[in-house]
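The values are calculated or read from the model by the stated rules, or taken from the named source; none is laboratory data. As the structure is a computational prediction, the values presented were derived from the model and not from experiment. Note that each Cβ is placed from the backbone with ideal geometry, even for glycine, and that neighbours are counted across all protein chains shown. Quick note on the areas: whole protein, heavy atoms, side chains included, nothing else; ligands and nucleic acids left out. Shrake-Rupley method; radii C 1.70, N 1.55, O 1.52, S 1.80 Å.
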Amino acid sequence: MPTRTAAQLREEAAREYDAFLASCPARQLLDRISDKWVTLVVTALADGPQRYSDLSRRIAGVSQKMLTQTLRSLERDGLLTRSVTPSVPVRVDYELTPLGRTLMPLIAAIKSWAESHMPEVNAARTTYDTTSSPT
């Protein structure tokens, strides 16, 4: 086995995680974190731990099934932790991990951009809808 330089090892690692390739794990992660429910759950947890019912109330329109799937996938990816406190009824809290907190500046920026640019987006949609013919 030939010896490789540090530059060659970095190049090899970069090829390993090329999100433009369908089989790339980074692409799968991008798919996960770009999901609207993931974005809303992570944003909701930015202020600290929350119970399932609190998340469900805060995130309008999310079904129980979708919220459960989203929380499980985020836990699997190491972005949040699930803590069970034995009581009657059982208390389950969700909290961002340090890794999950590193997403917050990115998600907060995208959320802020979306909220502040809705007038322009709505105007563009209206223009498109009135001038484009269906194909």
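If you rank 84, 62 by how much accessible surface each has, with a 1.4 Å probe, what is the order from largest down? Before the final figure, lay out the partial values.
Numbers: 84 80, 62 20 Å².
My answer, sorted largest first, is 84, 62.
Starting from the Cα of residue 99, step 7 Å along the direction of its Cβ; do the same at residue 60; then give the gap between the two resulting points in nm. Going from the residue 99 label point to the residue 60 one covers 3.3 nm. Note on the chain: with a GNM built from Cα contacts shorter than 10 Å, the maximum mean-square fluctuation among 70, 39, 97 falls on 97.
Here, segment 20-132 yields an orientationally averaged convex hull projection of 9.6 nm² when only Cα atoms define the hull. Using a Gaussian network model of the chain in which every pair of alpha carbons under 10 angstrom is joined by a spring, one finds that among 114, 124, 26 the greatest mean-square fluctuation is at 124. Measuring r between the beta carbons of residue 76 and residue 21 and using R0 = 25 Å, the FRET efficiency lands at 0.70.
Could you work out what % of the accessible surface of segment 60-135 is carbon and sulfur, using a 1.4 angstrom probe and leaving DNA, RNA and ligands out of the count? Spell out each step's value before the answer.
Details: 3330 of 5560 Å².
About 60 percent, which is the carbon plus sulfur part of the accessible surface.
With every protein chain kept in place and ligands, DNA and RNA left out, what is the accessible area per residue of the chain? Probe 1.4 Å, answer in Å².
Details: 9890 Å² over 135 residues.
Dividing the accessible area of the chain by its residue count gives 73 Å².
For the peptides 86-95, 45-54, the ranking by packing is 45-54, 86-95, with the highest mean count of neighbouring Cβ atoms within 10 Å listed first.
Peptides 75-82, 17-24: what's the order by average Cβ count within 10 Å, highest mean first? Don't jump to the answer; show the numbers that get you there.
Working: 75-82: 15.8, 17-24: 10.5.
Taking the mean over residues of other Cβ atoms within 10 Å, the ranking is 75-82, 17-24.
Let me have the relative contact order for the chain, percent, based on Cα pairs under 8 Å that are six or more residues apart. Don't skip to the answer; put the middle values down first.
On the way: 97 pairs, mean separation 24.6, N = 135.
Contact order relative to length: 18 percent.
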